[in-house]
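J.: Sharing a structure below in C-alpha coordinates format, with a few things to ask.
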Amino acid sequence: MRMNKLTWLVSAVVVVLLGVLLLGAQGAGQEGAKAAGNGAAKNAGQPAPQFQLKDLKGNPVSLADFKGQKVYVKFWASWCPICLAGLDELNQLSGQQHDYKVLTIVSPDFNGEQPEADFVKWFSKRGFDNIPVLLDTGGAWTKQFGVRGYPSSYYIGSDGILVKAVPGHNTNEVIDQTFQSIH
(Lines give C-alpha, C1' and ligand atoms only; values in the text may rest on other atoms or scores of the structure.)
Protein backbone atom coordinates (compact mmCIF):
# COMPACT_ATOMS: atom_id res chain seq x y z
CA MET A 1 0.00 0.00 0.00
CA ARG A 2 2.82 2.35 0.84
CA MET A 3 4.29 1.82 -2.65
CA ASN A 4 0.98 2.79 -4.24
CA LYS A 5 0.84 6.08 -2.30
CA LEU A 6 4.44 6.87 -3.28
CA THR A 7 3.76 6.02 -6.94
CA TRP A 8 0.60 8.15 -6.88
CA LEU A 9 2.46 11.09 -5.27
CA VAL A 10 5.32 10.95 -7.80
CA SER A 11 2.83 10.70 -10.67
CA ALA A 12 0.89 13.70 -9.36
CA VAL A 13 4.08 15.78 -9.05
CA VAL A 14 5.13 14.83 -12.60
CA VAL A 15 1.69 15.78 -13.99
CA VAL A 16 1.77 19.14 -12.19
CA LEU A 17 5.31 19.89 -13.41
CA LEU A 18 4.39 18.98 -16.98
CA GLY A 19 1.36 21.25 -16.77
CA VAL A 20 3.47 24.13 -15.51
CA LEU A 21 6.03 23.56 -18.26
CA LEU A 22 3.36 23.43 -20.95
CA LEU A 23 1.69 26.62 -19.74
CA GLY A 24 5.05 28.34 -19.54
CA ALA A 25 5.97 27.24 -23.06
CA GLN A 26 2.66 28.50 -24.43
CA GLY A 27 3.14 31.84 -22.71
CA ALA A 28 6.69 32.17 -24.05
CA GLY A 29 5.45 31.36 -27.54
CA GLN A 30 2.76 34.00 -27.28
CA GLU A 31 5.25 36.58 -25.99
CA GLY A 32 7.60 35.75 -28.88
CA ALA A 33 4.75 36.11 -31.36
CA LYS A 34 3.78 39.45 -29.81
CA ALA A 35 7.36 40.69 -30.04
CA ALA A 36 7.64 39.58 -33.66
CA GLY A 37 4.28 41.15 -34.49
CA ASN A 38 5.42 44.45 -33.01
CA GLY A 39 8.54 44.52 -35.18
CA ALA A 40 10.70 43.77 -32.14
CA ALA A 41 12.51 40.87 -33.84
CA LYS A 42 16.24 41.11 -33.33
CA ASN A 43 19.08 39.95 -35.51
CA ALA A 44 22.00 38.10 -33.96
CA GLY A 45 25.38 39.75 -34.33
CA GLN A 46 27.24 42.96 -33.53
CA PRO A 47 26.44 46.51 -34.64
CA ALA A 48 27.86 47.25 -38.09
CA PRO A 49 30.65 49.83 -38.30
CA GLN A 50 28.98 53.20 -38.94
CA PHE A 51 30.86 54.37 -42.00
CA GLN A 52 30.62 57.77 -43.64
CA LEU A 53 32.15 57.83 -47.12
CA LYS A 54 31.67 59.71 -50.35
CA ASP A 55 30.24 58.43 -53.60
CA LEU A 56 31.80 58.83 -57.03
CA LYS A 57 30.38 62.36 -57.32
CA GLY A 58 31.77 63.43 -53.94
CA ASN A 59 28.44 63.27 -52.09
CA PRO A 60 28.61 62.03 -48.47
CA VAL A 61 26.90 58.72 -47.76
CA SER A 62 26.72 57.08 -44.36
CA LEU A 63 25.27 53.84 -43.08
CA ALA A 64 23.05 55.98 -40.82
CA ASP A 65 21.32 57.25 -44.00
CA PHE A 66 19.74 53.78 -44.26
CA LYS A 67 18.54 53.47 -40.66
CA GLY A 68 15.62 51.04 -40.50
CA GLN A 69 16.59 49.40 -43.82
CA LYS A 70 18.50 46.23 -44.60
CA VAL A 71 21.78 46.89 -46.42
CA TYR A 72 23.96 44.67 -48.58
CA VAL A 73 27.56 45.93 -48.68
CA LYS A 74 30.05 44.49 -51.16
CA PHE A 75 33.75 45.32 -50.91
CA TRP A 76 35.58 44.88 -54.20
CA ALA A 77 38.63 46.03 -56.19
CA SER A 78 39.23 46.99 -59.82
CA TRP A 79 42.17 44.55 -60.06
CA CYS A 80 40.12 41.56 -58.81
CA PRO A 81 39.02 39.26 -61.70
CA ILE A 82 36.23 37.66 -59.63
CA CYS A 83 34.93 41.13 -58.72
CA LEU A 84 34.97 42.28 -62.32
CA ALA A 85 33.23 39.11 -63.49
CA GLY A 86 30.39 39.81 -61.03
CA LEU A 87 29.80 43.47 -61.93
CA ASP A 88 27.15 42.75 -64.60
CA GLU A 89 25.15 40.69 -62.11
CA LEU A 90 25.63 43.30 -59.37
CA ASN A 91 24.54 46.08 -61.76
CA GLN A 92 21.36 44.12 -62.46
CA LEU A 93 20.70 43.58 -58.73
CA SER A 94 21.30 47.26 -57.97
CA GLY A 95 18.76 48.30 -60.60
CA GLN A 96 15.94 46.20 -59.12
CA GLN A 97 13.58 46.94 -56.23
CA HIS A 98 14.28 44.95 -53.04
CA ASP A 99 13.59 45.21 -49.33
CA TYR A 100 17.31 45.97 -48.94
CA LYS A 101 19.72 48.59 -50.26
CA VAL A 102 22.81 47.63 -52.28
CA LEU A 103 26.08 49.49 -51.66
CA THR A 104 29.61 48.77 -52.82
CA ILE A 105 32.86 50.00 -51.34
CA VAL A 106 36.20 50.36 -53.12
CA SER A 107 39.38 51.51 -51.35
CA PRO A 108 41.54 53.73 -53.56
CA ASP A 109 45.22 53.88 -52.54
CA PHE A 110 44.83 50.74 -50.41
CA ASN A 111 45.75 47.11 -51.01
CA GLY A 112 46.78 47.62 -54.64
CA GLU A 113 43.79 49.72 -55.68
CA GLN A 114 44.51 52.64 -58.00
CA PRO A 115 44.35 56.26 -56.79
CA GLU A 116 40.88 57.78 -56.37
CA ALA A 117 40.86 59.98 -59.49
CA ASP A 118 42.10 57.10 -61.65
CA PHE A 119 39.52 54.71 -60.22
CA VAL A 120 36.64 57.17 -60.76
CA LYS A 121 37.74 57.76 -64.37
CA TRP A 122 38.14 54.02 -64.99
CA PHE A 123 34.78 53.07 -63.45
CA SER A 124 32.84 55.83 -65.23
CA LYS A 125 33.73 54.21 -68.56
CA ARG A 126 32.40 50.78 -67.58
CA GLY A 127 28.65 51.47 -67.99
CA PHE A 128 27.57 50.11 -64.61
CA ASP A 129 25.14 52.93 -63.92
CA ASN A 130 23.11 51.15 -61.22
CA ILE A 131 25.97 50.26 -58.88
CA PRO A 132 26.43 52.74 -56.02
CA VAL A 133 30.17 52.92 -55.33
CA LEU A 134 31.48 54.47 -52.14
CA LEU A 135 35.14 55.44 -51.83
CA ASP A 136 37.08 54.35 -48.76
CA THR A 137 40.35 56.08 -49.67
CA GLY A 138 43.15 54.55 -47.65
CA GLY A 139 41.02 51.58 -46.54
CA ALA A 140 40.09 52.65 -42.98
CA TRP A 141 36.56 51.20 -43.21
CA THR A 142 37.77 48.17 -45.14
CA LYS A 143 39.99 47.42 -42.14
CA GLN A 144 37.18 48.22 -39.69
CA PHE A 145 34.92 45.65 -41.38
CA GLY A 146 37.76 43.11 -41.30
CA VAL A 147 37.86 42.54 -45.06
CA ARG A 148 40.48 39.88 -45.80
CA GLY A 149 39.95 39.46 -49.52
CA TYR A 150 37.93 40.64 -52.49
CA PRO A 151 35.09 40.38 -53.10
CA SER A 152 33.52 40.24 -49.62
CA SER A 153 29.83 40.61 -48.78
CA TYR A 154 28.30 42.01 -45.60
CA TYR A 155 24.63 41.69 -44.67
CA ILE A 156 23.28 44.34 -42.29
CA GLY A 157 19.82 44.08 -40.75
CA SER A 158 17.31 46.90 -40.45
CA ASP A 159 18.39 47.20 -36.80
CA GLY A 160 21.98 48.04 -37.85
CA ILE A 161 23.31 44.62 -36.84
CA LEU A 162 26.02 43.06 -39.01
CA VAL A 163 24.36 39.67 -39.40
CA LYS A 164 26.65 37.92 -41.84
CA ALA A 165 30.02 38.36 -43.55
CA VAL A 166 30.84 36.18 -46.54
CA PRO A 167 34.11 36.10 -48.50
CA GLY A 168 33.92 35.54 -52.24
CA HIS A 169 31.24 36.18 -54.84
CA ASN A 170 27.55 35.89 -53.90
CA THR A 171 25.03 35.46 -56.70
CA ASN A 172 21.94 37.66 -56.75
CA GLU A 173 19.86 34.61 -55.83
CA VAL A 174 22.02 33.91 -52.78
CA ILE A 175 21.83 37.57 -51.71
CA ASP A 176 18.02 37.54 -51.99
CA GLN A 177 17.75 34.24 -50.10
CA THR A 178 20.08 35.45 -47.35
CA PHE A 179 18.02 38.58 -46.76
CA GLN A 180 14.84 36.49 -46.37
CA SER A 181 16.08 35.39 -42.94
CA ILE A 182 17.33 38.83 -41.86
CA HIS A 183 15.07 41.34 -40.14
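The values are calculated or read from the model by the stated rules, or taken from the named source; none is laboratory data. What you are looking at is a predicted structure, and each value in this text was computed from that prediction instead of being measured. In this analysis, Cβ positions are derived from the backbone assuming ideal geometry, glycine residues included, and neighbour counts consider all displayed protein chains.
J.: Picking from PRO167, PRO151, PRO108, which residue would you name as being modelled with pLDDT of 95 or more and more than 17 Å from the chain's Cα centre (by Cα)?
T.: Every option except PRO108 fails the conditions.
J.: I'd like the full set of residues that are exposed (fewer than 12 other Cβ atoms within 10 Å of the Cβ), without any contact (Cβ under 8 Å) to a residue 60 or more places away in the chain and outside any loop (DSSP other than H, G, I, E, B), limited to region 41-65.
T.: Scanning region 41-65 gives PRO60, ALA64.
Each row is one residue, and each column tells you yes or no for (1) aliphatic (A, V, I, L, M); (2) more than 15 Å from LYS54 (Cα to Cα).
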| position | (1), (2) |
| --- | --- |
| CYS83 | no, yes |
| GLU89 | no, yes |
| GLN96 | no, yes |
| LYS101 | no, yes |
| ILE105 | yes, no |
| PRO108 | no, no |
| GLY112 | no, yes |
| PRO115 | no, no |
| PHE119 | no, no |
